[in-house]
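Let me begin by presenting the structure, written as structure tokens, before commenting on it.
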Amino acid sequence: MGDKLYNGRTLDVSLALLQQFQGVEADAVLAHEMAHFSGNDTLYSKKTAPLLMRYNNYLQGLYKSSISLPIFYFMLCFRGLFELSIGKLSRDREFRADRIAAELERQQWDIFEARFRDFHERTLPYRFLPENEHERAIVEKAFPEVRFNGSEGLLVIDYEKIVFDQWSQPLFFRDVASFTLYDDDRLQITYDREDIGSEWIQLKSFGADQPAVVEATANYRARFAAAAEHQKHREQTKVSEQTKVSGVFVLESEDKRAHG
């Protein structure tokens, strides 16, 4: 159940019944029934049921004899009091099982919410092309500025661009067309600004930081590409919804004119 595996006694559950439930509802039912195991409720019922059957047989024998009839009524009254006690105990056991099931569901929901928040926070940087300080802070938290000192100068990479001492100007990821890594450890970055061109990074100049340079360059560019694609999809969806609304408005207007 959930992420936990329970071993031990067998719980028989109707598959047809479970198929009528949503996932959370089925978890609640199973948790309730498992709670009966933890409280030894089934063991209690298993021990008392044979005793009650024997008691009923004694009552039947007392009822058949006129001599023992007064004792029968007394014992029947005692049986009724015992049923009241059993009923209260049964309700207490059911309430206990409900509380345990509710607590388990709450714990599972808390875990789900924590996982969802974590997933949401990890994916947010891949959705924004920052338009305000709040969005910028989210992206920079996951993709902070990184600096690499090499023999050919300082290389700085942040969430939107690459700056290198060997270049005359920064190279923004929005202008990058492709990366090409050559066998001689040169990284070619092809861009498309006013015209198509390329910049080069001699990776060997960064010594032991060479793998980190390649990884940062690829990861930061991939983040930008994912965010750009997400924003493009949002714009397309917005335009599509506006088109649908406009279409409905036109149809309604034409319908009113036709019936005017």
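The values are calculated or read from the model by the stated rules, or taken from the named source; none is laboratory data. A quick note: this is a predicted structure, and the numbers were derived from the prediction, not measured. Because the Cβ atoms are built from the backbone with ideal geometry, glycine has one as well, and the counts that use them run over all protein chains shown.
Computed values, structure above
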quantity	calculated
Residue list for the range 157-171, filter: surrounded by 14 or more Cβ atoms within 10 Å (Cβ to Cβ) and under 25 Å from Val139 (Cα atoms)	Ile157, Asp158, Tyr159, Glu160, Lys161, Ile162, Val163, Phe164, Leu171
So Glu135, is it touching an Asp or Glu at 6+ places or on another chain (Cβ under 8 Å) and at pLDDT 70 or above	no
Selection status of Phe179, among the aromatic types (Phe, Trp, Tyr), surrounded by 13 or more Cβ atoms within 10 Å (Cβ to Cβ), more than 21 Å from Ser151 (Cα to Cα) and in contact (Cβ under 8 Å) with a residue 24 or more places away in the chain	yes
Candidate set from the range 108-155 (those that are assigned to a helix (DSSP H, G or I) and touching a Lys or Arg at 6+ places or on another chain (Cβ under 7 Å)); member that is surrounded by the most Cβ atoms within 10 Å (Cβ to Cβ)	Pro125
